[in-house]
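Everything below concerns the one structure shown next.
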Amino acid sequence: MKRPHCPKSLTTFPCGSTVKVCSLADSRPERARMCALGLTPGTCVQVLDSGNGCCRVRVRGSDLVLGEQMARCILAEKTDLDPPKTAPQI
């Protein structure tokens, strides 16, 4: 029997992981900022790099760099879905 994935901080996933956002920080300003960046519950995110005090992710076709504190406020779980597509080149 397969165990359900427990949500963990975005900073704990290794590079190359595709995760699904489960929940966001309780702080209203941080939550609003994350939603404005497209980081909403249910969204698939690909972890591109995490370390050196920041976390680089691909979400909805855009690459974002989050500070470590903000990345820790995002709880996610591993998913087997395909990673988000890259943004089209203009």
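Restricted to the range 53-89, and to residues there that are of a type in the set (S, T, N, Q) and modelled with pLDDT under 90, the residue that is farthest from ALA25 (Cα to Cα) is GLN89. Within the range 19-78, being among the β-branched types (Val, Ile, Thr) and in a strand (DSSP E or B) holds for VAL19, VAL21, VAL45, VAL47, VAL57, VAL59, VAL65.
Per the conditions (1) farther than 17 Å from LEU75 by Cβ; (2) in contact with a helix residue (DSSP H, G or I) (Cβ under 6 Å, 6 or more places away or on another chain); (3) at pLDDT 90 or above, the sole criterion not satisfied by SER9 is (1). Taking the numbered list (1) among the charged types (D, E, K, R); (2) closer than 15 Å to ARG72 by Cα; (3) buried (at least 18 other Cβ atoms within 10 Å of the Cβ) in turn, ARG58 passes all entries but (2). Within the range 41-53, residues that are closer than 9 Å to VAL19 by Cα reach partners that are part of a loop (DSSP other than H, G, I, E, B) and hydroxyl-bearing (Ser, Thr, Tyr) with beta carbons closer than 7 Å, at six or more positions or on different chains, in the pairs CYS44/THR79; VAL47/SER17.
The values are calculated or read from the model by the stated rules, or taken from the named source; none is laboratory data. The shown structure was predicted, so the numbers you read here are calculated from the model rather than taken from an experiment. Note that each Cβ is placed from the backbone with ideal geometry, even for glycine, and that neighbours are counted across all protein chains shown.
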